[in-house]
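The values are calculated or read from the model by the stated rules, or taken from the named source; none is laboratory data. None of these values were measured; they are calculated from a predicted model. Cβ atoms come from the backbone with ideal geometry, glycine included; neighbour counts cover every protein chain shown.
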Amino acid sequence: MTTVTFDTHKFIRRLEAAGFESRQAEAVVGAFSEAQQEAEVATRLDIERLEAKLDAGFERVDGELRLNRWMIGVLLAGVASLVLKAYF
């Protein structure tokens with residue numbers, strides 16, 4: 001996962017404009033920064049990589065299912081031919 005960055009100075013100014021004192025605003029921003037660094041946040045790139053891995057896995061499974069369907073068809077044709085041969 002990657003770290004998400006933001007403008008801390010702008011965040012402090014916004015808090016001060018909302019009525020926080022300078023020390024309070026800096027403390028809130030510091031706590032928020034620490035919490036954000038500890039959090040594991042998925043970015044758009046992380047999600048795109050995961051989607052690519054899932055797509056590759058689904059393509060492999062789809063190929064295996066097609067092979068299995070083909071093999072079952074051949075097996076059923078063989079069984080049908082044996083049944084027909086036994087009665088005719």
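Quick rundown of the values:
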read-out: Set 35, 42, 31: member being at pLDDT below 85, part of a helix (DSSP H, G or I) and exposed (fewer than 12 other Cβ atoms within 10 Å of the Cβ); value: 35
read-out: Selection within region 3-28 - surrounded by 12 or more Cβ atoms within 10 Å (Cβ to Cβ) and assigned to a helix (DSSP H, G or I); value: 8, 11, 12, 13, 14, 15, 16, 24, 25, 26, 27, 28
read-out: Filter result for residue 49 (touching a helix residue (DSSP H, G or I) at 6+ places or on another chain (Cβ under 9 Å) and either surrounded by 10 or more Cβ atoms within 10 Å (Cβ to Cβ) or at pLDDT 90 or above (or both)); value: no
read-out: Any hit, region 69-88, residues being at pLDDT below 95, part of a loop (DSSP other than H, G, I, E, B) and of a type outside the set (Lys, Arg); value: yes
read-out: Pair list, Cβ < 7 Å and 6+ apart or interchain, from region 28-42 residues that are within 20 Å of residue 18 (Cβ to Cβ) and touching a residue at least 24 places away in the same chain (Cβ under 8 Å) to residues that are of a type in the set (S, T, N, Q) and surrounded by 10 or more Cβ atoms within 10 Å (Cβ to Cβ); value: 33/8
